[in-house]
Amino acid sequence: MIKKAALLGIAPLLMFAAPVQAAEGPSDPEIAHIAYTAGAIDVSAGEQALKKSHDKAVRAFAEEMVRDHKAVNEKALALVKKLKVTPADNAVSASLSRDATATSKRLAALDGPAFDRAYLQNEVAYHKAVNGALESTLIPSADNGELKALLETGLALFREHQAHAEHVLAEFK
Amino acid sequence: MRATRLLTIAPIAALLLWLPPSAAVAAPRTHVVVIDKMKFGPTPNDVKVGDTIVWDNRDMFRHTATGAKGAFNVDLKAWTKGETVMRRAGRIPFTCKYHPGMRGTLEVKAR
């Protein structure tokens, strides 16, 4: 049940999982929108965890997610402003947001260790999916050098987050 | 008055003349390690006990420079610097406690 819901949450990113030619991939305004949306979703998930969780390690992880993802998104906003790019809403962003709302509702119904475990499982799956999309599609498709560099830094960061989530989850069991 | 001052300074100045040149070279130094794009930059290879390491966090993220076995721990908010004095000789692996995949090693030599 949990696994299925978690997989549903990352389905939109899987649309991008297969490597494609840069020309066929999303445009820079779309990439900016997807990256920002993906970051904002994880900030909200972290804020939800900070409201609900009483576990020290889970809270420390959630604080890190909120802090790091906010930092990337601030930088992303500054960059699109500088480049005079208007982030373009698209099917992937819309689908990500829809699924995030569903995940948040599902997690809201859980409490205590059940919430903590479900949150961490979702974080592992979510970062894995985002990283896959960054690596296979978003980074190769980005035309602007600065956007590409920001996505690459994002990938290095999110890999750390994935490892951190896996570590906390392993300790949790 | 002036003569008295001269008298007190003169012996010190004389002593300074006698200091071997190596004493000046061996004075504690400051080295910089840059943190950027989720990585610790190259570490200096001539660090001695008593030297200061300035950690220059140029990332948009909060990091730490945390030495193994409690050697040092500096909290580094985004775009800030922090420093630590190397207290003992040896090989000190360090990491960022928020992003443990970020790693480096300092070789600290005895003075």
Quick one: in region A:157-173, which of the residues that are at the interface with another protein chain (Cβ under 8 Å from one of its Cβ atoms) and either crowded, with 19+ Cβ neighbours inside 10 Å or touching a residue at least 12 places away in the same chain (Cβ under 8 Å) (or both) is farthest from A:E123 (Cα to Cα)?
A:L157
Filter region B:45-69 down to residues that are without any contact (Cβ under 8 Å) to a residue 40 or more places away in the chain and within 16 Å of the chain's Cα centre (by Cα), then give me how many there are.
9
Condition met for A:A114 (among the small types (G, A, S), over 17 Å from A:E47 (Cβ atoms) and over 13 Å from the mean Cα position of the chain (by Cα)):
yes
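This table checks each residue for (1) under 25 Å from A:I139 (Cβ atoms); (2) buried (at least 16 other Cβ atoms within 10 Å of the Cβ); (3) of a type in the set (A, V, I, L, M, F, W, C); (4) modelled with pLDDT of 95 or more.
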{"residue": "A:K4", "(1), (2), (3), (4)": "no, no, no, no"}
{"residue": "A:G9", "(1), (2), (3), (4)": "yes, yes, no, no"}
{"residue": "A:P19", "(1), (2), (3), (4)": "yes, no, no, no"}
{"residue": "A:V43", "(1), (2), (3), (4)": "yes, yes, yes, yes"}
{"residue": "A:A49", "(1), (2), (3), (4)": "no, yes, yes, yes"}
{"residue": "A:K52", "(1), (2), (3), (4)": "no, yes, no, yes"}
Select from region B:35-63 the residues that are of a type in the set (D, E) and either within 14 Å of chain A (Cβ to nearest Cβ) or part of a strand (DSSP E or B) (or both) and write down the one among them that is surrounded by the fewest Cβ atoms within 10 Å (Cβ to Cβ).
B:D36
Within region A:43-81, count every residue that is of a type in the set (K, R), more than 13 Å from every other protein chain (Cβ to nearest Cβ) and without any contact (Cβ under 8 Å) to a residue 24 or more places away in the chain.
4
Considering (1) in a helix (DSSP H, G or I); (2) under 22 Å from A:E24 (Cβ atoms); (3) more than 14 Å from chain B (Cβ to nearest Cβ); (4) modelled with pLDDT of 95 or more, say which one A:K148 fails and leave the rest.
(3)
Residue check: is A:V85 part of a helix (DSSP H, G or I), of a type in the set (V, I, T) and either farther than 28 Å from A:I139 by Cβ or touching a helix residue (DSSP H, G or I) at 6+ places or on another chain (Cβ under 7 Å) (or both)?
no
Among the residues in region B:1-21, are any at pLDDT below 90 and polar (S, T, N, Q)?
yes
Condition check for A:A40: away from every other protein chain (no Cβ under 14 Å) and either part of a helix (DSSP H, G or I) or under 14 Å from the mean Cα position of the chain (by Cα) (or both)
yes
All but one of (1) within 18 Å of the chain's Cα centre (by Cα); (2) within 14 Å of another protein chain (Cβ to nearest Cβ) hold for B:K77, so report the exception by its number.
(1)
Does A:A133 fit the bill of being within 14 Å of another protein chain (Cβ to nearest Cβ) and small (G, A, S)?
no
When the residues of region A:105-130 are filtered to those that are part of a helix (DSSP H, G or I) and surrounded by fewer than 16 Cβ atoms within 10 Å (Cβ to Cβ), which remaining residue is nearest to the other protein chains (Cβ to nearest Cβ)?
A:P113
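The values are calculated or read from the model by the stated rules, or taken from the named source; none is laboratory data. This one's a predicted model, so the numbers in the text were calculated from it and none came from an experiment. Backbone-built Cβ (ideal geometry, glycine too); neighbour counts: all protein chains shown.
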